[in-house]
Amino acid sequence: MILIDGKKAAAELREELKHEVTSLKAKYNRVPGLTVILIGDLTPSQIYVRNKEKSANEVGLKSEVIKYPDSVEEKTVLEKIEELNKDETVSGILVQLPLPKHIDKQKVIETILPSKDVDGFHPMNVGNLSSGYESSVPCTPLGCYLLIKKVEPNLKGKKAVIVGRSNLNGKPMTQLLLKENCTVTITHSKTKDLKAECLEADIIVAAVGIPELVKGDWVKKDTIVIDVGINKTDKGIVGDVDFEEVSKNAKALTPVPGGVGPMTIACLLKNTIECFKRSQI
Ligand code: NAP
């Protein structure tokens, strides 16, 4: 079984991006800039943002974090986004989710210029992705896609089963694999026989949030299994896939942690660079 090493893949991607930033700097005399807005003092969000900033600096991006207290008014945040939209030194804007209840998440997402939407959540980017046009792609599914392509460069005709239909993971993952000419089945909490669906798959991407939902006997030999889940349990952090059992059958599998997670941040940097490049055309 191939253990898909997300840490290594992310380090390789960051190295490639570092070289790309160096050549962009030589060509345009400036580097892509990423601005993250962090609202409130939720510890996981603070950790994510710190890691994003560290990785951005590592590849040579201009990086900035704007922090607001939980009590910040929605209007203040929207005005700041408008200001960043006009700032030519800012290539990408990310507002760290979740947001406090009094702030309308969709309004925030839609205020970010689609061309600076490094999370790929703006309806314009969602539409472009599903129409097969150029767009920012949400970072986690993009990371999954790059990991799958490392194991199997030619995905034409493969049967993919996506477990979970969130806007963040399942739906964009479906679009990415459709673009690669996979036959994609998207499953969810109302799917009648999830095991039977999974048993048909050459590729399974599990993004559910239920510890070890995907069992060993749900996976046929030679399946590539990507585990997006991050679940806190008594035995520590586990994914949505029963790692021990599935590893006996699968052709390739991502561990949790150390699989999809590290690729998510690397893909954020990639998206920032793509936004910068598109703005230079
Ligand atoms: P989400 O928005 O809660 O969506 C979960 C999806 O799973 C829903 O579509 C839901 O179906 C489906 N589902 C629930 N129970 C199911 C069942 N028994 N069988 C089949 N499908 C079922 O979750 P998310 O934001 O996509 O996150 C999923 C997991 O990925 C979480 O563990 C999260 O922490 C993790 N995550 C990891 C990263 C990373 O960087 N590695 C990034 C983001 C998220 P319905 O639509 O029918 O409700």
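Some points to look at:
- Taken over segment 228-281, the criterion of being free of Cβ contacts under 8 Å to residues at least 12 places away in the same chain and open to solvent by less than 40 Å² (accessible area, probe 1.4 Å) is satisfied by Gly236 alone.
- Residue match in segment 122-141 (condition: within 16 Å of the ligand (Cβ to nearest atom), within 21 Å of Cys198 (Cα to Cα) and part of a loop (DSSP other than H, G, I, E, B)): no
- Residue within segment 70-91 that is within 24 Å of Ala9 (Cα to Cα) and surrounded by 13 or more Cβ atoms within 10 Å (Cβ to Cβ) present: no
- Note on segment 160-170: residues that are near the ligand (Cβ under 6 Å from one of its atoms) and in a strand (DSSP E or B) total 1.
- So Cys144, is it over 15 Å from the mean Cα position of the chain (by Cα), buried (at least 21 other Cβ atoms within 10 Å of the Cβ) and part of a helix (DSSP H, G or I): no
Residue-by-condition table, conditions (1) open to solvent by less than 30 Å² (accessible area, probe 1.4 Å); (2) outside the structural domain of Asn51 (by TED's automatic domain parsing); (3) touching a Leu at 6+ places or on another chain (Cβ under 9 Å):
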{"site": "Lys101", "(1), (2), (3)": "no, no, no"}
{"site": "Gly132", "(1), (2), (3)": "no, yes, yes"}
{"site": "Gly157", "(1), (2), (3)": "no, yes, no"}
{"site": "Glu180", "(1), (2), (3)": "no, yes, yes"}
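- Pairing residues of segment 174-188 that are in contact (Cβ under 8 Å) with a residue 24 or more places away in the chain and more than 18 Å from Val126 (Cβ to Cβ) with residues that are crowded, with 18+ Cβ neighbours inside 10 Å and among the aromatic types (Phe, Trp, Tyr), at Cβ distances under 9 Å and at least 6 apart in sequence or on separate chains, gives Glu180/Tyr145.
- Residue within segment 25-34 that is under 19 Å from the mean Cα position of the chain (by Cα), open to solvent by 20 Å² or more (accessible area, probe 1.4 Å) and touching a residue at least 60 places away in the same chain (Cβ under 8 Å) present: no
- Where strands (runs of 3 or more DSSP E) sit wholly within segment 1-103, those with at least 2 residues that are closer than 17 Å to Cys267 by Cβ occupy 33-39, 92-95.
Residue-by-condition table, conditions (1) more than 19 Å from the chain's Cα centre (by Cα); (2) among the acidic types (Asp, Glu):
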site	(1), (2)
Thr191	yes, no
Lys195	yes, no
Glu200	yes, yes
Ala207	no, no
Asp217	yes, yes
Asp222	yes, yes
Gly229	no, no
Asp234	yes, yes
Glu245	yes, yes
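The values are calculated or read from the model by the stated rules, or taken from the named source; none is laboratory data. This structure is a prediction, so every number in the text was calculated from the model and none was measured. Positions of Cβ are generated from backbone atoms using ideal geometry, with glycine treated the same way; all protein chains shown enter the neighbour counts. The accessibility values were calculated without ligands, DNA or RNA, using every heavy atom of the protein model including side chains. Shrake-Rupley method; radii C 1.70, N 1.55, O 1.52, S 1.80 Å.
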